[in-house]
Amino acid sequence: MEKIGIGFLGCGNIGCGVYRLLETQAGEIDKNEGVSFEVRKILVHSLDKKRPVPQELLTSCASDVLDDPEISIIMEFMNGEEPAASYMKYALENGKTVVTANKMALATHWSEILNAARAHAGGLYYEASVCGAVPIIRALTNSLQANRITSVMGIINGTTNYILSRMSTEGTSYAEVLSDAQKMGLAEPDPTADVEGHDAAYKLSILSTLAFHRHVPVEQVYTEGITAVSPEDVQLGQAFGLTIKLLGIAKNTNGKIQARVHPTFVPRNHPLASVNDAFNAVYVNGHACGEMMFYGRGAGDMPTASALVSDLIQAAKAKRHELPAVQDEVKQTDKNWQSVYFVAAKKEQVPRVMEALRSENVGIATEVKTGTNNERAAFLTTHASEAAMQRALGCVKGLDIGMIRVENMEN
Ligand code: HSE
């Protein structure tokens with residue numbers, strides 16, 4: 001059988017994982033799917049670095065991959081916005097199909113890349129860009145089309161889930177767990193994209209766009225990371241039966257779109273509360289399918305390679321490439337959502353904080369609970385608007401207040 005020529009853009013952990021998976025599964029893929037592949041060229045920065053791929057495939061010249069007429073599918077795992085986005089567009093404009101794991105390039109250049117694919121009838125496959133091996137992209141684009149999706153809520157960054165899981169179970173500080181995660185190679189030496197929520201924002205932009213059939217630009221995703229979360233507040237939340245997660249939350253309420261990434265408490269009996277360590281999970285609510293959760297490994301060479309090679313097979317077998325149906329762009333997401341809020345402060349300052357909240361008509365829903373060291377105390381509010389909450393917090397600026405939004409809380 002004729003082999004389909006493919007080219008790699010990048011060959012780090014993920015690229016090497018893809019190469020390995022293609023090698024070890026070649027026979028099975030051929031037997032089960034009736035397609036086989038030949039890696040013809042691999043673009044790398046440094047030709048000298050040792051990699052478990054044949055040296056003769058390596059090139060440092062992008063054109064050797066992008067302009068090879070024998071290469072019909074480009075697999076991109078370069079990381080970063082550029083030159084990845086430009087290479088993908090170039091490949092699509094030249095009639096090639098692109099399979100990518102790059103959420104940053106895709107989220108920041110969504111319309112240009114999609115338009116290039118549409119104009120040239122090229123295939124664009126990106127299952128690996130969100131939640132690694134977890135088949136959430138295909139689920140939203142293929143398996144759940146009959147639904148009006150009302151919300152997508154997920155743990156879509158493994159690094160921060162690992163950090164928050166350990167802070168919750170051990171009471172360890174953010175800085176201490178981050179340093180351990182870096183030593184283990186789980187967190188990047190520069191962890192900014194993960195801990196400040198940017199990585200999750202790229203992924204949420206893609207997920208919400210697919211879920212609501214409207215482009216939700218990444219700039220419209222409200223983004224707050226986990227660096228200010230204290231172990232004391234995490235433990236105070238546990239006293240209310242709550243577990244902390246960095247959630248990406250997208251909701252469509254009568255056409256008003258919310259898209260936000262921030263530390264969030266969920267009740268400990270919510271399915272997302274039991275997703276620990278570096279695992280990812282996405283909780284979807286559709287009007288016909290009801291609630292469902294997708295769970296699995298969202299990062300790592302082989303889980304990501306699993307999604308990339310599956311996309312590659314799908315691309316190779318497709319008679320006509322399907323692109324997502326996106327009607328228009330959301331110019332302004334709704335930033336004035338309603339939420340229950342967890343509020344913590346020094347014990348003696350709690351009455352002042354409550355007064356500020358009441359002055360903005362934010363109700364107090366629970367008793368005040370004091371932490372084990374007897375210094376900090378916390379309570380939950382009734383449902384209130386984000387704007388009222390921010391105004392109230394503005395009145396007590398300078399106090400050491402921990403405010404964490406609570407999802408799926410009935411009160
Ligand atoms: N840094 C990302 C995470 C990798 O921790 O989830 C996968 O996108």
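None of the figures in this text is laboratory data; all of them are computed from the coordinates on show. These figures come from a predicted structure and were not determined experimentally. Note that we place each Cβ from the backbone using ideal geometry, even for glycine, and neighbour counts take in every protein chain shown.
The three principal axes of the C-alpha atoms in region 198-319 carry coordinate ranges of 55, 38, 30 Å, sorted with the longest axis first. Expressed as a fraction of 2.2 N^0.38 Å, the value expected for a compact globular protein of N residues, the C-alpha radius of gyration of the chain is 1.06. Only one residue of THR227, LEU242, SER36 has its Cα farthest out toward the positive end of the dipole of the chain, where Lys and Arg carry +1 and Asp and Glu -1 on Cβ, and that residue is LEU242.
For region 128-269, the spread of Cα positions along the three principal axes, ordered from largest to smallest, is 44, 34, 26 Å.
The aspartates and glutamates whose alpha-carbon is closer than 16 Å to the alpha-carbon of LYS96, local same-chain residues fewer than 8 away aside, are GLU38, ASP64, ASP67, ASP68, GLU70, GLU76, GLU112, ASP311, GLU322. Taking 28 Å as the straight-line reach from the Cα of LYS347, the lysines in range (excluding those fewer than 8 positions away in the same chain) are LYS245, LYS369, LYS397. Set the Cα radius of gyration of region 295-411 against 2.2 N^0.38 Å, with N its number of residues, and you get 1.69. Provide, for q = 0.14, 0.20, 0.22, 0.31 Å⁻¹, the log10 of I(q)/I(0) from a solvent-free Debye sum over equal Cα point scatterers in region 236-292. Evaluating at q = 0.14, 0.20, 0.22, 0.31 Å⁻¹ gives log10 I(q)/I(0) of -0.46, -0.87, -1.00, -1.28. Here the Gaussian network model covers the chain, with springs between Cα atoms less than 10 Å apart; of GLY255, GLY300, GLY398, GLY398 fluctuates the most. Compared with the direct C-alpha span, the chain from ASP68 to HIS213 gains 48.7 nm at full extension, assuming 0.36 nm per residue.
When the helix-only estimate is applied to the chain (DSSP H runs of n ≥ 4, each -39,500 (n - 2.57), divided by the residue count), what is the mean residue ellipticity at 222 nm, nearest 500 deg cm²/dmol? The helix-only estimate for the chain comes to -10000 deg cm²/dmol at 222 nm.
Seen against the Cα atoms of the chain and their longest principal axis, helix 198-212 is set at about 80 degrees. Packing, as the average of other Cβ atoms within 10 Å across residues, places the peptides 322-334, 256-268, 15-27 in the order 256-268, 15-27, 322-334, highest first. Hull volume per residue, based on the alpha-carbon atoms of region 101-212 and their convex hull, is 123 Å³. Between GLU56, GLU219, GLU232, the Gaussian network model of the chain with springs among Cα atoms under 10 angstrom shows the greatest mean-square fluctuation at GLU56. The label-point distance for ASN374 and GLU2, in a model that sets each label 7 Å from Cα toward Cβ, rounds to 8.1 nm. Alpha carbon centre of region 75-93 versus region 217-269: separation in Å? After rounding, the separation between the Cα centres reads 31 Å. Here, region 283-342 has an Rg and a Dmax of 17.8, 52 Å when only alpha carbons are counted.
Set against the 2.2 N^0.38 Å expectation for a compact globular protein, region 363-405 has a Cα radius of gyration ratio of 1.24. Taking a Cβ cut-off of under 9 Å around GLY248, the surrounding Lys, Arg, Asp and Glu residues balance to a net charge of +2, with basic ones at +1 and acidic ones at -1.
Tell me, what is the FRET efficiency for ASN94 and ASP30 to the nearest 0.05, using R0 = 30 angstrom and their Cβ-Cβ distance as r?
With R0 = 30 Å, the Cβ-Cβ based efficiency is 0.65.
With the highest mean first, a sort of the peptides 362-371, 116-125, 285-294 on other beta-carbon atoms found within 10 angstrom per residue produces 116-125, 362-371, 285-294. Only aspartates and glutamates eight or more places from LYS331 in sequence, or on another chain, were considered; those with a Cα closer than 15 Å are GLU219. With a Förster radius of 30 Å, plug the Cβ-Cβ distance of GLN145 and THR192 into 1/(1 + (r/R0)^6) and report the FRET value to the nearest 0.05. With R0 = 30 Å, the Cβ-Cβ based efficiency is 0.25. Give me the percent relative contact order of region 80-204, please, defined on Cα pairs under 8 angstrom at least 6 residues apart. In percent, rounded to a whole number, it is 22.
Suppose every K and R has +1 on its Cβ and every D and E has -1 on its Cβ; what is the size of the dipole of the chain about the Cα centre, in Debye to the nearest 20? All intermediate terms of the calculation are to be shown ahead of the outcome.
Working: 38 positive and 47 negative charges, 182 e Å.
For the chain, the charge dipole is close to 880 debye.
Here the calculated FRET efficiency for GLU170 and ASN336, from their Cβ-Cβ distance with R0 = 35 Å, stands at 0.45, rounded to the nearest 0.05. In this label model, ALA288 and ARG391 are separated by 4.3 nm, measuring between points 7 Å along each Cα→Cβ vector. Pairs of C-alpha atoms in region 1-125 farther apart than 16 Å represent 60 percent of all such pairs.
What does the net charge come to around LEU399 if you take all other residues with beta carbon closer than 13 Å to its beta carbon, with K and R at +1 and D and E at -1?
Every neighbour counted, the sum reads +2.
In plain terms, the chain from SER179 to ASN115 could stretch by 18.9 nm, reckoned as 0.36 nm per residue minus the Cα-Cα distance.
Classify region 103-149 as rounded, prolate or oblate from the Cα gyration tensor: take a ≥ b ≥ c as the square roots of its eigenvalues, call it rounded if a/c is under 1.5, otherwise prolate when a/b beats b/c and oblate if not.
oblate
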